[in-house]
Amino acid sequence: MKIVKVYNGERQTECGGRFKGESSGRILSPGYPFPYDNNLRCTWTIEVDSGNIVSLQFLAFDTEASHDMLKVWDGPPENEMSLAELSGSLLPEGIHSTLNTVTVQFETDFYISKSGFAIEFSSSVATACRDPGVPMNGTRSGDGREPGDSVSFQCDPGYELQGDDKITCIQVDNRYYWQPSPPVCIAPCGGNLTGSNGFILSPNYPHPYPHSKDCDWLIAVNSDYVLSLAFISFNIEPNYDFLYIYDGPDSNSPLIGSFQDSKLPERIESSSNAMLLAFRSDGSVSYTGFHLEYKAKLRESCFDPGVVLNGTRLGSDYKLGSTVTFYCEAGYVLQGYSTLTCSMGDDGRPGWNRALPSCQAPCGSRSTGSEGTVLSPNFPRNYTFGQTCVYSISVPREFGKLIHSYSTQEFREEICIK
Ligand SMILES: [Ca+2]
């Protein structure tokens with residue numbers, strides 16, 4: 001092994017070392033800021049005064065992602081108390097030990113090297129547990145960090161908690177730590193779903209799904225119900241990765257469709273009370289995957305028609321023959337039909353007889369009421385150029401007109417009040 005020695009004004013940047021009883025110092029990758037060598041294995045041990053802890057602060061970090069790894073342990077590596085495994089170019093967050101010793105190991109492979117890292121360590125006295133953080137795709141309740149305090153965790157819909165949902169701050173002598181370790185929220189590969197609604201996410205969503213995976217989700221509800229599946233996002237490798245959806249509990253049931261590519265499929269409805277979703281990924285190339293929502297509904301009724309933007313809905317009975325009516329907020333005009341009726345469709349399934357209306361801000365209007373709202377076309381989205389919109393407001397002669405506020409973004413566009 002070649003050890004690069006560069007004097008950088010503080011200490012030689014060697015491959016590994018031992019710090020004992022120092023209250024602060026720096027660890028640099030060999031040769032830093034010049035690229036480190038291939039085939040390195042450097043180990044640094046930092047031991048601070050008994051009863052203290054070690055904090056690591058990253059000043060710079062750049063290694064070959066997934067190949068040149070920096071590992072950090074609480075205590076010696078044999079204890080298997082890993083604090084971090086890092087690579088890539090993202091500057092890591094600070095790391096804090098619970099013991100008075102930290103081991104840092106840097107291993108590089110046989111090719112490609114980057115500038116490496118500069119880490120500052122310091123010694124301090126712990127008086128409480130560290131901030132346990134908030135898991136990605138989840139939330140935390142509770143802020144206590146004193147010994148005996150507990151905090152709990154919950155994952156966003158579709159994610160599964162890995163670990164315990166409740167952790168407690170423990171003190172043993174001068175050591176403070178969470179028992180057990182804070183959990184994470186992951187999108188699982190398959191599962192059994194029995195709730196009346198829920199979400200299905202491809203494994204690792206919103207990050208790319210893993211290669212060579214067979215993930216099966218079975219949705220099964222009471223036999224009086226059928227299922228609808230809406231695609232919120234869908235992006236898988238065309239021709240090689242597939243999502244098969246069956247109208248029933250297993251792959252002998254009728255195939256509703258095999259889906260691939262990134263075109264968002266239409267909503268799917270089952271005729272049975274179960275649906276099997278089988279996801280198959282091949283050995284290379286993966287995309288972000290999918291985010292689906294399912295809902296169960298009584299056989300003889302329509303699905304929840306949803307809501308319209310800038311509008312409200314009256315009616316929450318979706319049985320055959322029921323109606324729902326949509327209204328727009330002030331200043332918006334309803335496009336389409338306001339009332340939808342749940343009727344039996346040509347396919348023998350109940351469905352709404354018309355498409356959902358929308359609420360649009362029109363270009364120009366005529367108002368006569370004592371108060372009202374005038375919106376630019378497409379509000380709150382951008383208006384299109386080249387339009388002249390006349391909004392005529394008439395009130396009885398004895399009243400004046402009071403216009404509260406207006407704004408346009410560009411000087412070539414004007415509001416002219418006569
Ligand atoms: Ca490398």
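The fraction of all Cα pairs in the range 175-252 landing in successive 10 Å bins from 0 to the largest distance is 13, 42, 27, 12, 5, 1, given as whole percents.
Compactness of the range 191-298 was expressed as the Cα radius of gyration divided by 2.2 N^0.38 Å, which yields 1.00. A quarter of the convex hull surface defined by the alpha-carbon atoms of the range 138-186 gives 3.1 nm² as the mean projection. Our analysis of the range 27-185 gives Rg over Rh at 1.01, with the two radii drawn from alpha carbon positions and Rh computed by the Kirkwood formula. Charge dipole of the range 138-186 (Cα centre as origin; +1 on each Lys and Arg Cβ, -1 on each Asp and Glu Cβ, all else neutral): 80 debye, rounded to the nearest 20. Taking amide H as placed 1.01 Å from N in the peptide plane, the amide H of SER286 sits under 5 Å from none that are at least 5 places away or on another chain.
The Cα-based radius of gyration of the range 41-98, divided by its Kirkwood radius, gives an Rg/Rh of 0.97. For the range 236-283, the Kirkwood hydrodynamic radius comes to 11.3 Å, computed from all pairs of different C-alpha atoms. For the chain, take the alpha-carbon Rg, divide it by the Kirkwood Rh, and send me Rg/Rh. Reported Rg/Rh (Cα atoms, Kirkwood Rh): 1.12.
As a proxy for reagent exposure, ranking LEU70, LEU83, LEU334, LEU90 by other Cβ atoms within 10 Å from fewest up yields LEU90, LEU334, LEU83, LEU70.
The listed peptides 223-235, 189-201, ordered by packing as a protection proxy, come out as 223-235, 189-201 (highest mean of other Cβ atoms within 10 Å first).
Taking the number of Cβ atoms within 10 Å of each Cβ as an exposure proxy, the fewest-first ranking of ASP149, ASP173 is ASP173, ASP149. Only Lys, Arg, Asp and Glu carry charge here, each on its Cβ (+1 for the first two, -1 for the last two); on that basis the range 304-379 has a dipole of about 80 debye about its Cα centre. Rounded to the nearest 20 debye, the dipole magnitude of the chain is 1260 debye, with +1 charges on Lys and Arg beta carbons, -1 on Asp and Glu beta carbons, and the Cα centre as origin. Using Cβ contacts closer than 10 Å as the measure, can you line up ARG26, ARG381 from fewest to most? Arranged by neighbour count, lowest to highest, ARG26, ARG381 become ARG381, ARG26.
Among the chymotrypsin sites (Phe, Trp or Tyr not before Pro) within the range 304-409, those in coil by DSSP and having at most 10 neighbouring Cβ atoms inside 10 Å are PHE385, PHE399, TYR406.
When the inverse distances between all different Cα atoms of the range 311-360 are averaged and flipped, the Kirkwood radius reads 11.5 angstrom.
Start at zero, step by 5 Å, and the Cα-Cα distances of the range 238-318 spread as 3, 11, 20, 18, 17, 13, 10, 6, 3, 1, 0 percent across the bins.
No value in this document is a laboratory result; all are computed from the given coordinates. What you are looking at is a predicted structure, and each value in this text was computed from that prediction instead of being measured. In this analysis, Cβ positions are derived from the backbone assuming ideal geometry, glycine residues included, and neighbour counts consider all displayed protein chains.
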